[in-house]
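Derivation of every value follows stated rules applied to the coordinates shown; laboratory data play no part. Everything quoted here is computed from the prediction, not taken from an experiment. As a convention, Cβ positions derive from the backbone with ideal geometry for all residues, glycine included, and neighbour counts pool all protein chains shown.
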Amino acid sequence: MLASVSNSHSISHAGVSPHRFAAVNENPENESKDKSSVEKESTASKKEAVEKLSKEDQLTIQKLKQRDLEVKAHEQAHLSAAGNLASGGASFTFTQGPNGIRYATGGEVNISTSRVDGDPAATLRKADAIRRAALAPMSPSSQDQSVAARATAMATQAQADLSEQIQEKQKLSKETESETETETETEQNTDSSIKTTSESRSESNLMKGNIIDITS
């Protein structure tokens with residue numbers, strides 16, 4: 001299950017309950033047995049204890065083992081797809097079987113689902129990543145589907161924000177171009193005015209020179 005929160009949880013590991021099925025032998029001679037022999041006796045004792053369980057208990061254990069595998073595979077799929085969005089590892093809830101062993105029967109992976117402030121493009125990418133992480137397992141839970149739906153809504157809003165941001169940039173760019181064109185036209189008009197004034201002065205001086213020549 002994918003949880004849309006930012007808290008971190010430590011990974012719990014399945015283990016054997018305080019009640020163990022190890023053989024108890026108070027004979028001092030057993031102290032000389034090597035580790036391998038002790039492990040063999042422990043395994044044999046556990047096997048014998050399981051065989052003494054009722055068929056109903058054995059069936060329960062098989063179901064718990066299968067559930068344990070499914071839960072861990074489910075949460076691993078979330079983790080692999082979430083990448084750096086995940087806050088720590090997966091957390092599990094356990095059920096103790098008739099054999100005293102705890103099996104994972106529920107779990108969750110916590111991820112960050114907050115928007116990236118001021119960056120709709122980054123928010124859009126994050127929303128897509130959240131959705132992929134939520135739907136990564138083969139059989140997404142109802143909670144997973146809920147997270148995916150919220151991620152889709154986030155992506156839709158981010159896309160709208162991004163489009164608005166692009167339009168604002170385009171508008172600002174056009175306004176800047178318009179201002180630049182106006183400044184260029186003003187400069188050209190000023191240059192033309194200066195040139196016309198200069199030419200008028202030249203013609204005036206030329207006319208004065210002609211009058212002087214005629215008078216002479």
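Before moving on, here are some points about what is shown:
- Test item: Cα-centred dipole of the range 69-184, Lys/Arg +1 and Asp/Glu -1 on Cβ, debye: 840 debye
- Residues LEU172 and ASP117, FRET efficiency given R0 of 30 Å [Cβ-Cβ distance, rounded to 0.05]: 0.90
- Whole-Hz ³J(HN,Hα) from phi, Karplus 6.51 cos²θ - 1.76 cosθ + 1.60, for the range 80-85, glycine and proline x: 4, 7, 6, x, 6, 6
- FRET E, pair GLN76, THR152, Förster distance 41 Å, beta-carbon r, rounded to 0.05: 0.95
- Derived scalar couplings ³J(HN,Hα) [the range 153-164; Karplus, 6.51 cos²θ - 1.76 cosθ + 1.60; whole Hz; x for Gly, Pro]: 5, 5, 5, 4, 5, 5, 5, 5, 5, 5, 4, 5
- Close amide H partners of PHE94, meaning residues 5 or more places away or on another chain with modelled amide H under 5 Å apart, are THR105.
- When LYS55, LYS174, LYS126 are sorted by how many other C-beta atoms sit within 10 angstrom of their C-beta, beginning with the fewest, the order is LYS55, LYS174, LYS126.
- For ARG132, the shell of other residues with beta-carbons less than 13 Å away shows a net charge of +1, using +1 for Lys and Arg and -1 for Asp and Glu.
- Computed label-point distance, nm, for sites SER163 and GLU56 using a 7 Å Cα→Cβ extension: 6.1 nm
- When restricted to Cα atoms, the range 72-126 yields an Rg and a Dmax of 15.9, 55 Å, respectively.
- Volume of the Cα convex hull of the range 70-167, divided per residue and given in Å³: 84 Å³
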